[in-house]
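The values are calculated or read from the model by the stated rules, or taken from the named source; none is laboratory data. None of these values were measured; they are calculated from a predicted model. Keep in mind that these areas ignore ligands, DNA and RNA; they rest on the heavy atoms of the full protein, side chains included. Shrake-Rupley method; radii C 1.70, N 1.55, O 1.52, S 1.80 Å.
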Amino acid sequence: VQLQASGGGLVQPGGPLRLSCAASGNIFEVNVMGWYRQAPGRQRELVADMTGGGNAKYGDAVKGRFTISRDNAKNTVYLQMNSLKPEDTAVYFCNLFSMATAVDYWGQGTLVTVSS
């Protein structure tokens, strides 16, 4: 399984940004796709994830500001980030967890910088 993320960049505080991640390869139907992030000197943390059935989970720091969605036909997950704060600055990693094999797959990471 390969994960290709895109959409990172520099954004001003309060602005929006949208991340996309497309999965390819031997993808089992039942999986969870989502996003994690890691800021310098901090542990990787959950941003949001979503099952194929549409059940979403969010990290406390982003609730009410970020929205995750996915297109199962395209094996793609999206993260709409609104009201961005400087503390959202991090490398964002796309993740796919296969329920069939209990294996985690990771994308290469995309940098999001929130700064004026």
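Using alpha carbons only, the radius of gyration of the chain set against its Kirkwood radius gives Rg/Rh = 0.96. Beyond 16 Å, how much of the Cα-Cα pair distribution for region 45-103 remains, as a whole percent? So the portion of pairs separated by more than 16 Å is 47 percent. Cross-link partners of residue 74 among lysines, defined as those whose alpha carbon lies under 29 angstrom from its own and excluding same-chain residues fewer than eight positions apart: 57, 63.
The separation of region 99-116 from region 1-33, counted between C-alpha centres, amounts to 7 Å. Rounded to the nearest 10 square angstrom, residue 28 shows an accessible area of 90 square angstrom against a 1.4 Å probe.
Quick one: compute the contact order of the chain, relative version, from alpha carbon pairs under 8 angstrom and 6+ residues apart, as a percent. About 37 percent, as a whole number.
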